[in-house]
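Chemist: My structure is below; once you've seen it, I'll send some questions.
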Amino acid sequence: MQLLVATLAQQISTDAGVISCTQFRDAKALQLALSEGCLFDLLILDYNYEEFGGLALLRWLRTHQKSTVPVIMLSQRNSERDIADSLSAGADDFMAKPFRPIDLMARIERFLTIMEVARGRDAHPSCHRRQDGSRAVVQR
């Protein structure tokens, strides 16, 4: 996953300005960051987080946090039920592994563009916001 995060950060930074990608060691660490008020432009969750699954985290995010942040769910599980469960829990998109990086990049760029239009080009709240105004993309 570290390679995916590094690749995403490099590719998005090249194509869309400066982006900050943050990797969390597990779903509980991400849940803690979110419960402490960290805001992100986009979350990329793995359905198969250990101990506390990505689906459970997504349900918590939508139910208890009332968050509308876009979520892309990645999973090795690709049955119709897994996809339907993810979308019903509030995922905005679902990608089965293995996936083509160019497809993931296109989806990330689409969601970031939607968020920019919805909030205005200068509004990118994030607990990892830099002085240069970089946006945060979260990846496990």
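The values are calculated or read from the model by the stated rules, or taken from the named source; none is laboratory data. From a predicted model like this one, the values you see are computed outputs, not experimental measurements. Quick reminder, even Gly has a Cβ in these numbers, built from the backbone with ideal geometry, and neighbours come from all protein chains shown. Ligands, DNA and RNA are excluded from the accessible area calculation, which covers all protein heavy atoms including side chains. Shrake-Rupley method; radii C 1.70, N 1.55, O 1.52, S 1.80 Å.
Chemist: Could you run through the range 66-83 and say how many residues are in a loop (DSSP other than H, G, I, E, B) and of a type in the set (Lys, Arg)?
Modeler: Within the range 66-83, residues that are in a loop (DSSP other than H, G, I, E, B) and of a type in the set (Lys, Arg) number 2.
Chemist: Considering each residue of the range 63-87, count those that are loosely packed, with under 12 Cβ neighbours inside 10 Å and farther than 19 Å from Cys38 by Cβ, and give that number.
Modeler: 5
Chemist: Just a yes or no: is a residue in the range 101-124 under 16 Å from Ser20 (Cβ atoms), at pLDDT below 90, open to solvent by less than 20 Å² (accessible area, probe 1.4 Å) and not in a helix (DSSP H, G or I)?
Modeler: Yes, the conditions are met somewhere in the range 101-124.
Chemist: Give the residue that is nearest to Ile108 (Cα to Cα), with candidates limited to residues of the range 21-39 that are touching a Cys at 6+ places or on another chain (Cβ under 8 Å) and among the hydrophobic types (A, V, I, L, M, F, W, C).
Modeler: Among residues in the range 21-39 that are touching a Cys at 6+ places or on another chain (Cβ under 8 Å) and among the hydrophobic types (A, V, I, L, M, F, W, C), the one nearest to Ile108 (Cα to Cα) is Leu39.
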